[in-house]
Structure formats: structure tokens, C-alpha cells
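First comes the structure, then the notes that go with it.
No lab work stands behind these numbers, since they all come straight from the coordinates. For clarity, every value in this text was computed on a predicted model and none was experimentally measured. We place every Cβ from the backbone using ideal geometry, glycine too, and count neighbours over all the protein chains shown.
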Amino acid sequence: MALREMRASLSAAEAAISARREGEYGRWRDWYRGDWFVGFPVTRDILRANVALMSGEAPAPGRGVVGSSEVYRYQERFSENFPFLYRESSPGR
């Protein structure tokens, strides 16, 4: 039963990725190609690995997970525009 549910989750993740890709056309083609904030591809990799392990197979290598510290470093350059979102650069500190 757990394996069936995991496969259903993987199928739903594939459908979500496919639906998102269908919205990419014209100049928006490959818009989500480098997405690492939402992490759909990472979620799919985790589901694939779990299905493989539950089936007794070796999981395929997955991509690295981007944590909150990497996202924060990406946003640091905007601290001058939005000082109250970044405690260390807020006025009065």
C-alpha cells in the first residue's frame, strides 16, 4: 500500500511539472528551468529515490537540495532596497 501511494505521489509530481512546463511558450520557454526556490525537481528526485528503495532497487543520483541559507545569500543583494526585511541592515541597528 505504501509503495502504491508513493508511486501515486510521483505521478502527481510529474503531472505538476508537466503542467508548469505547458505554460512556458514563446519568450517564456524554459522559464522554470533553473527553478530552485520551489524545488519541484528535487521533490521528484526524492520521490523517485523512495520508490526505488521501496521496490528494492538502488536509487538514481539526485540533485542537491538548496537550503534556506543559499536562498538568503541570493536575497542579500536586495537588503538596501528593503532594509526592514533584513535585521542587520535596518535603521537604528
**Asked** Looking only at the range 12-42, which residues are within 14 Å of the chain's Cα centre (by Cα) and within 21 Å of MET1 (Cβ to Cβ)?
**Response** ALA13, GLU14
**Message:** For the structure I just gave you, tell me whether GLU24 is among the charged types (D, E, K, R), in a helix (DSSP H, G or I) and either without any contact (Cβ under 8 Å) to a residue 40 or more places away in the chain or under 26 Å from MET54 (Cβ atoms) (or both).
**Reply:** no
**Prompt:** Of everything in the range 1-48 that's exposed (fewer than 11 other Cβ atoms within 10 Å of the Cβ) and touching an Asp or Glu at 6+ places or on another chain (Cβ under 9 Å), which residue is nearest to ARG63 (Cα to Cα)?
**Reply:** ARG33
